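Structure first, then comments.
The values are calculated or read from the model by the stated rules, or taken from the named source; none is laboratory data. The model shown is predicted, which means the values in this text are computed figures rather than measured ones. Methodologically, a virtual Cβ is constructed for each residue, glycine included, from the backbone with ideal geometry; neighbour enumeration extends over all protein chains shown.
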Amino acid sequence: MWLMVTATFLCLVSNTASEWRCPELSARPSAECSCDLPHTLRCAGDHTALQIIGRHLREKRVRNKNTAVSLLDCALRGVTSLPAASVTELAGVGLHGLVISSGDIKRVQQGAFTSVANTLLALGLPNNQLPSVPIEALYNLWYLDRLDLSNNKIHALDGNSFKGLQNLTYLDISDNQLTSISPEAFRPLVKLSVLRLRGNLLKVAALSSLKGARSLKELDVSSNALEGPLGPTTLPTLWVLKTLHLSDNTFASIRRGALSGLANLTHLNLHNNQIDVLEDYAFRHLVNLSHLDLSHNEIVSVSGASLAQLSNLEHLDLSHNFLRSLSAEPLKSLYQLSELLLHDNDISIIEDGALGMHTNLSRFTIEDNPLNCDCLMAGFARWLREAKNVSQSDKSAVVCATPPHLEGALLARLSKNKLCDDFEHIEVKDDKINDYGKVMDNAIDDVYGDKVDGLDDTIYDEEIDVPGEEDLPISKAKVRLLDSWYDAEEVHLSWTVDPPSIRRFRCTGVTASRGGGLPKHVACHRAPPSNVILRGLKIDPLELYTFCIALEEMDAKDVPTSLVLGCGLPQAVRERATYVTSRTTPSTAPPEPDIRVSEVRSNVTSDGVLSVLISVMGLPIRQFTRSQRLSTETHYPVYNCYVVLAVLSRGSLVAQKDTPCQDSLGISMEGFITGPYEVCATISRKRADESHPICIVPQMLEPVAEMKSNVKGLNTALIGVALGLMVIVVGLVWFVRKMLKKPVDFQAHRCFTEPVQEERASYVMLTATSKV
């Protein structure tokens, strides 16, 4: 989306879009390029691609101005460091937008973008391995308007992270590992209007740093570790903020006068939290709010004063909660309401007059509720028939659940007489009772005559259309629960999708029911199915639990295409196995504070080699000279700090290894033939550490195809020599066969690089979302 908006913006700068021609690089084997939008070039290549592209574009620009490129999006292979020399070749091209990603870039050299600073308006470094904001590379980009650093490994933002970017209006740091933000981090960004911090590890305390972003109009802090009540001081005062996304967190309630410093807020998204209580006058300060999303929470009731002061509210989403009834009190102050979504609740009663003042609703959904169609629903049925702006598909989804003789009937087609008649007290003729003492089906015909369906023809005789299919179809794939375990704060679920697919899946919701009781919705924070983590769910080890999950299947462009639904069998949830987390080694220096495991990735080959990559955050940084910092990567030793790696199979410890702390560790173990395995990592010091380990389930891999190819090449060479030496041909054949029977060595680092498109099915990347 960011690229499309940027490309559209850059295309407007030129008046020759209709005459523009894509500058082809057909004779350049190190760089393959294509164009999908005017003045936009998307390329892929190796470490020399940027130089080749830069020279080619300069040549084309001199010869034909109709091939000018404004946005260059380049995906590099096998690049871990971005030197200034690579970008220098782009000088003179006139780029307004530049996106560079490789999946492996960890460092960007000082002044890397100086050569394009005079024209560059948008810069993207997404999907890399940057551990921090490349301050020295960005410092001189005075005209930069948009910056995308999403999908990296940035842990913290300090006061100098964005120094010199005073013209920046859009900043995306989503899907990183942010835990702390300095109060001075955003003060240099005096024009910043859009800030995206989605998918990090931020807690409520970190939000106070946002007070420096005084021009902020849109803020996204969804999918973080925000918890507790949403109160008046959860966010600092931001007078011009219009849109706030707080979805996919674990807020438990909304206090009176919440978000008091956001007086001009118009859109508030609290989707997928654990909210069960709305205090009276919860939104008393948000008088300008027009859109409120409270869906996928645990709200049982909404009092008359809960939504008071929201006189400008137009869109209210209360779907996927536990509401039991609807009355007029909560809605009486919502004078501008045009959309009300109540589907998937427990509503059985809608009081007469509940929607009387909302005759102009354009959208109203109440499907998937156990509606009791008795005399009390006659007023709602009349409103439903008279609601001219509500679509026929919404009306046709309002069906009765009870009483039994009206189950499945369309409420809008039932007359008052039909709703108010008590079938049990109707006098039925003897010939309408069968041999078993039951009333025969055609007895209803005698009572109601021609109106067997209860249609009140004098009021409503318009046929109701059948609703269309949902936007996301239900996939035929099956989802299966492999394992479940819990600790003091979290529940971990491991699911698998059958048949296996190269596409990515992400969790949109989990329900848990204990002992066959009512299901409880729990947020799963868009986690991959193999590592779903639930917070706030207390487990009774003596009870059986049934877990159900909904997964979105994503296409190559990371857009949802279908839903995969499934439930596990009732089962007991086991407690996480414990393992050693302390050492008695004497220390000569105190342990460093706030050192924690931030990510664990793991794969196991069919030959039984388990490879694990562990990332550690919070290690102290030694001061180096500028040349040392740019040329070497030195790990600073930490006394009395160890990374403990444990491998468990079905709750039992099968292997354990501890290694001195480093910011990145690669560990390999052999002999893992049968599974499944659970791989856990945590920090250990002299005393028992209180932090929780990060655990994942590795995926079984075949030996790396590239190594098989190397072995095959070696065999070919040996056979070639054997053709000239007939005496030893039998010995060579025996030797080659013996070598092929040995397990192929597994290159551990291959699991942690971004594979090319053809190899994508053979690799898995699991990013931990545990609270550590």
Could you grab me the full set of residues in segment 502-552 that are under 17 Å from residue 567 (Cα atoms) and among the basic types (Lys, Arg)? 506, 514, 520
Would you confirm whether or not segment 20-36 contains a residue that is within 25 Å of residue 196 (Cα to Cα) and at pLDDT 85 or above? no
Test set (1) closer than 20 Å to residue 305 by Cβ; (2) in a loop (DSSP other than H, G, I, E, B); (3) in contact with a Leu (Cβ under 9 Å, 6 or more places away or on another chain) - residue 216 fails condition number: (1)
Restricting attention to segment 342-383, which residues are more than 19 Å from residue 330 (Cα to Cα), free of Cβ contacts under 8 Å to residues at least 60 places away in the same chain and outside any loop (DSSP other than H, G, I, E, B)? 372, 375, 378, 381
Where in segment 89-200 are the strands (runs of 3 or more DSSP E), entirely inside, with at least 2 residues that are outside the structural domain of residue 61 (by TED's automatic domain parsing) and within 26 Å of the chain's Cα centre (by Cα)? 170-172, 194-196
Of all residues making up segment 472-495, the number that are among the small types (Gly, Ala, Ser) and more than 19 Å from residue 676 (Cα to Cα): 3
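To keep it simple, each residue is scored yes or no on (1) surrounded by 17 or more Cβ atoms within 10 Å (Cβ to Cβ); (2) modelled with pLDDT under 95; (3) in contact with a Leu (Cβ under 9 Å, 6 or more places away or on another chain).
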| position | (1), (2), (3) |
| --- | --- |
| 105 | yes, yes, yes |
| 146 | yes, no, yes |
| 184 | no, yes, no |
| 212 | yes, yes, yes |
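Look through 250, 234 and report the one residue that is hydroxyl-bearing (Ser, Thr, Tyr), buried (at least 19 other Cβ atoms within 10 Å of the Cβ) and touching a residue at least 60 places away in the same chain (Cβ under 8 Å).
250
Could you pull out the residue among 322, 283 that is within 30 Å of the chain's Cα centre (by Cα), among the aromatic types (Phe, Trp, Tyr) and surrounded by fewer than 22 Cβ atoms within 10 Å (Cβ to Cβ)?
322
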Based on this model, can you work out whether residue 317 counts as in contact with a His (Cβ under 8 Å, 6 or more places away or on another chain), charged (D, E, K, R), within 30 Å of residue 519 (Cα to Cα) and surrounded by 20 or more Cβ atoms within 10 Å (Cβ to Cβ)? yes
Residue, surrounded by the most Cβ atoms within 10 Å (Cβ to Cβ), within segment 543-579, restricted to residues that are of a type in the set (A, V, I, L, M) and at pLDDT below 85: 577
In segment 28-55, what count of residues is obtained for those that are in a loop (DSSP other than H, G, I, E, B) and either touching an Asp or Glu at 6+ places or on another chain (Cβ under 8 Å) or not assigned by TED's automatic domain parsing to the domain that holds residue 98 (or both)? 3
Would you confirm whether any residue within segment 325-332 is free of Cβ contacts under 8 Å to residues at least 60 places away in the same chain and in contact with a helix residue (DSSP H, G or I) (Cβ under 7 Å, 6 or more places away or on another chain)? no
Any chance you could count how many residues in segment 653-700 are at pLDDT 65 or above, in a strand (DSSP E or B) and among the polar types (S, T, N, Q)? 6
